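**Q** Take this structure, written in structure tokens, and hold onto it; I'll ask about it next.
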Amino acid sequence: MFKSLFFSIAVFVLMLSCNGSGRGMSDDLSDVDSLYADSIELLSLTDTLELFEEEVLPKSADELFNDFFYNYASDGNFRKMRTTYKYDSAAGDSVLASSMSSNAAFRELTVEDFYAVVYEREEELVFQKDTSLSEVVVERMDLDAGIVEQFDFRRYDGTWVMQNVTSTAVDDTPNSDFLAFYTSFSADSVGRFDNIAEPLKFVMTAEDDEGEDEIVEMGVDEWKEISSDFPLPSHEIINVNYGQTCISNNNKLLLVVGISNGLSLKYRFMKQDGRWMLVEVEV
């Protein structure tokens, strides 16, 4: 497109120069030569700019899994480079083989908007900043089908790779009781309000360490008016398992993290009289 445009401009200017008065043939030819040289220079510059417009792979950030996972989940080329499968060779050595084609077909792990972390205790969030992690499992939970795909990420020589995919039933996971509730809770935009504690604790965290959190207690009707502004994963959850424990059947926290927009929401659910309730939202 750019080359055609430059050629058209060159022809147009040449026609103008030919129609000019009081100029000799040598002057016209000199102008053509100059215009041709300028056009070639512009075309060369255009080619160079087009090279810069090509997609550049993000720099690998392997110190924190979250930094690596952002690149893996959002960039197809990077994902292919970091998808490998571990197998044992005949000599008994563990080998990493590159391999989008060597594994059984599976739907690639991508994250469009946000992922989640299901956990129980606040202290477990330190895993997100733990640079010593060597294994993380990312679970793609299809709540409608009741299936969980588990993507096994390992770090070898400081480099994170996805090396294996397995699947299991939601009912066979440690959080099965909570997920059974959450499936209907997240899908039913009307009925879910029957599972909202009253009052609901709403926490707006301070933007810096020196500020103070603002805490508001609101009724169910108040939450109804603003709840649509706070995303709640439904139908499918991308859950990152850093190694957090699953002991309690009465207390769960769901952290929702934006993949590239800085979103961070925390929902606390507690079982009260045998019934799961949303008791706190933190923004």
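**Q** So what are the three principal axis dimensions of the stretch 65-282 from its Cα atoms, in whole Å, longest to shortest?
**A** The Cα atoms of the stretch 65-282 stretch 64, 42, 30 Å along the principal axes, largest first.
**Q** Nearest 0.05, what FRET efficiency do ALA145 and VAL283 give at R0 = 22 Å with Cβ-Cβ as r?
**A** For ALA145 and VAL283, the calculated efficiency is 0.10.
**Q** Moving to a separate point now. Output the pairs from LYS201/LYS252; LYS201/LYS271; LYS129/LYS271 with a Cα-Cα distance over 18 Å in this structure; if there are none, say none.
**A** Among LYS201/LYS252; LYS201/LYS271; LYS129/LYS271, the Cα-Cα distance tops 18 Å for LYS129/LYS271.
**Q** Right, next: Are there any GluC sites (Glu not before Pro) in the stretch 186-273 that are in a DSSP loop and have at most 12 other Cβ atoms within 10 Å? List them by number.
**A** GLU207, GLU210, GLU212
**Q** Please list, ordered by chain and number, the residues whose modelled amide H lies under 5 Å from the amide H of THR83; skip anything fewer than 5 residues away on the same chain.
**A** Placed amide hydrogens put MET162 under 5 Å from THR83.
**Q** Same structure again: Pulled fully out, how much extra length does the chain show between SER132 and LEU64, if you take 0.36 nm times their separation in residues and subtract their Cα-Cα distance?
**A** 23.6 nm
**Q** Rank the residues PHE230, PHE181 as a footprinting-exposure proxy: fewest other Cβ atoms within 10 Å of their Cβ go first. It would help to have the intermediate numbers written out before the result.
**A** On the way: PHE230 14, PHE181 17.
Fewest-to-most Cβ neighbours within 10 Å comes out as PHE230, PHE181.
**Q** Alpha carbon centre of the stretch 233-283 versus the stretch 136-178: separation in Å?
**A** A separation of 17 Å, based on Cα centres.
**Q** Residue by residue, what Karplus-based ³J(HN,Hα) values in Hz, rounded to whole numbers, does the stretch 126-137 have, using 6.51, -1.76 and 1.60 with θ = phi - 60° and x for Gly and Pro?
**A** My calculation for the stretch 126-137 gives 5, 4, 5, 9, 7, 7, 8, 4, 10, 8, 9, 10 Hz in order.
**Q** Within a 10 angstrom radius of the beta carbon, how do VAL137, VAL257, VAL165 rank from fewest other beta carbons to most? Numbers along the way, then the final one.
**A** Numbers: VAL137 15, VAL257 21, VAL165 18.
Ranking VAL137, VAL257, VAL165 by Cβ neighbours within 10 Å, fewest first, gives VAL137, VAL165, VAL257.
**Q** Also, quick follow-up: Starting with the fewest neighbours, write out ARG275, ARG82 ranked by other beta-carbon atoms found within 10 Å of each beta-carbon.
**A** Placing the least packed residue first, the sequence is ARG275, ARG82.
**Q** State, to one decimal in nm, how far the label point of ASN251 lies from the label point of SER228, with both points 7 Å from Cα in the Cβ direction.
**A** 3.5 nm
**Q** Next question, about the same structure. Going toward the positive end of the dipole of the stretch 65-282, with +1 on Lys and Arg Cβ and -1 on Asp and Glu Cβ, which of THR159, SER260, VAL126 do you reach last?
**A** Toward the positive end, the furthest listed residue is THR159.
**Q** Return, ordered by residue number, the residues of the stretch 240-283 whose backbone nitrogen is under 14 Å from a label point located 7 Å along Cα→Cβ of VAL216.
**A** Answer for the stretch 240-283: 281-283.
Quick note: the coordinates plus some simple rules give every number you see, no bench work behind them. On a predicted model such as this, the values are computed, not experimentally measured, just so you know. Positions of Cβ are backbone-derived with ideal geometry, glycine not excepted, and every protein chain shown enters the neighbour counts.
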